[in-house]
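Have a look at the structure below before the remarks.
Nothing in this text is a laboratory measurement; each read-out follows from the coordinates by a stated rule. In this text the structure is predicted, and so the values were computed from the model without any measurement. All Cβ positions, even for glycine, are placed from backbone atoms using ideal geometry, and neighbour counts span all protein chains on display.
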Amino acid sequence: MKRRGLIGTLGVLGLATPAVAPFASAQDFPTRPLRLLVTWPPGGTTDILARQFQPRLATEFGQPVIIENRGGASGAIGAAEMARMNPDGHGFGMVTSTVISAALLTRQPYDPIRDLAPIINLARVANILAVHPSLPVHSVRDLIALAQARPGALTFGSPGIGSAVHISGEMFKLAARVDMVHAPYRGGGPALADLVSGHIQLMFGNASSTLPFVREGSLRGIAVTSAERAAYLPNLPTVAESGLPGFAIDEWYAVLGPAGMAPRAVARINAAFNGIIAEPAEKARILEMGAEVVGGTAAEFGSFMHAEVEKIARVIRDARIRME
C-alpha cells in the first residue's frame, strides 16, 4: 500500500457510519466465544497484556475469550487477519503502534484507517533517550551539541526499521537538525545489549525494556519522548522541555476490530476494557511494566490514529526511510 493511498483514507475514520452486521441489542452480545487476536508472538508485552485482560473479559461477557497469536512482520500479519474478521464483534485484536508504520513502509493487504475499526487505546509507553555512561552527555542539549560537533559519529540502535524506537530517533534527528547513524537490529534485546556494552552510543529505547538498565546504572537516561513526564521516571524530563518544543512520540497498545464492526459491540468492548484499566490494581500492574493507561472512547482513539498516521508518514517522508 502506498503512503498516499493510506493518507487518502484519513477522512473515513470515525467520520462515517459504515454498514454493519445486523444486531438486535447490546444485551444480545456476545452470543458465542470471543476471539482475541494478538498481533505479536507469545511472551511479549502485547501478549502479556492480553493474558492479563483475558479472565476479566470472560467474566464481563459471560463467554470464553480465546487468545490467538498471529505474530510476524512487525504485527502486519495479525493486522491483515484482523481486517478479515466478521464485523459482528466476536473477533477483535490487540496491536501496537507499528500497525501504522508497517503499512506506511511496506505493501500490506490492509489499511489501518480503512480496514480496521478503532476500539480503545489501552496504554502508552514512552521511549527513553538512553546513552552509554561513557558518552559525555547528561541532557538533550548536551547530546545535540555533541552530535553537531561530530556529525555522523554517533550511532543509535533500534529493534528494526520502522519500529517506534527507530521513528523516535529519526524524529529527533529532524527536530534537532543533527546527523546520527541508525543501526537496525533484529529485535530490541540485541540493540540494548550492544548499547550496554558500548558498541553503540544511544537509543530511544522502549521504557518497558530499557527502564531496568537505567535504574541499575548500566545506561544513563536523559529524557523521555512522551509529551509529559513518565510516572515511573518523574525526575527525567521530556525531550520537549529539554530543548525541542513540540517533540512527542509514544509506543502504544490498543484494541482494533475489522472495519464496519457493529457499533454496539464496539461500545461494549470499549466499556469492558475501560472498566478494567481504571482499577487501581490494574493501573499499578501496567505501570510496573513501564506503561501508563490511556483509555477513553473509540472516537477519541480514532482521532488519535488520524494524527499518528500523519505524524509517522511525515517522519518517513522527511527522513527518507526505506525498508532494506
Around Val224, which amide H atoms from residues at least 5 apart in sequence, or from another chain, sit under 5 Å from its own amide H, with H modelled in the peptide plane?
Leu129, Thr238, Val239
Estimated inter-spin distance, Arg186 and Leu174, nm [label 7 Å along Cα→Cβ]
3.0
Residues of the range 103-130 with amide N under 17 Å of a point placed 7 Å along Cα→Cβ from Glu228:
121-127
Expected sort for 113-125, 216-228 on mean C-beta neighbours within 10 Å, highest first, is 113-125, 216-228
For the ranges 309-321, 90-102, what's the packing order if you count other beta-carbon atoms within 10 Å of each residue, average per peptide, and put the highest first?
90-102, 309-321
Provide the gained length on full extension for the span Ser134 to Arg314, in nm with one decimal, where the gain is 0.36 nm per separating residue minus the Cα-Cα distance.
61.5 nm
Can you find, among Pro151, Ile120, Val214, the residue sitting farthest towards the positive end of the charge dipole of the chain, where Lys and Arg contribute +1 and Asp and Glu -1 at Cβ?
Pro151
Output ³J(HN,Hα) for the range 161-169: one whole-Hz value per residue in order, computed from phi by the Karplus curve 6.51 cos²θ - 1.76 cosθ + 1.60 with θ = phi - 60°, and x for Gly and Pro.
5, x, 5, 4, 5, 5, 4, 4, x
Expected max-MSF residue from Ile128, Ile286, Ile66 in the GNM of the chain (alpha carbon, under 10 Å) is Ile66
Estimated inter-spin distance, Arg84 and Ser197, nm [label 7 Å along Cα→Cβ]
4.1
Note the full-extension length gain between Ile66 and Arg107 as 0.36 nm times their separation in residues minus their Cα-Cα distance, in nm to one decimal.
11.8 nm
Return a whole-number percent for the relative contact order of the range 125-242, with Cα pairs under 8 Å and 6 or more residues apart as the contact set.
39
Determine the calculated [θ] at 222 nm for the chain from helices alone, applying -39500 (n - 2.57) to every DSSP H run no shorter than 4 residues and normalising by the residue count; nearest 500 deg cm²/dmol.
-12000 deg cm²/dmol
Student exercise, the range 125-242 dipole from Lys, Arg, Asp, Glu Cβ charges, in Debye to nearest 20
80
Give me the number: length gained by fully extending Ala149 to Arg32, i.e. 0.36 nm times residue separation minus the C-alpha to C-alpha distance, one decimal in nm.
35.9 nm
Using 1/(1 + (r/R0)^6) with R0 = 56 angstrom and r between the beta carbons of Asp142 and Gln54, what's the FRET efficiency to the nearest 0.05?
0.80
Stokes-Einstein translational diffusion, the range 125-242 - Kirkwood Rh over all Cα pairs, 0.890 mPa s, 25 °C, in µm²/s:
179
What FRET efficiency comes out for Leu287 versus Arg215 if R0 is 22 angstrom and r is the Cβ-Cβ distance? Round to the nearest 0.05.
0.95
Please state the charge dipole magnitude for the chain, taken about the Cα centre, from unit charges on C-beta atoms (+1 on K and R, -1 on D and E), reported in debye and rounded to the nearest 20.
600
In whole Hz, what ³J(HN,Hα) sequence does the range 274-286 give by Karplus (6.51, -1.76, 1.60; θ = phi - 60°), x for Gly and Pro?
4, x, 5, 6, 7, 6, x, 5, 6, 4, 5, 5, 5
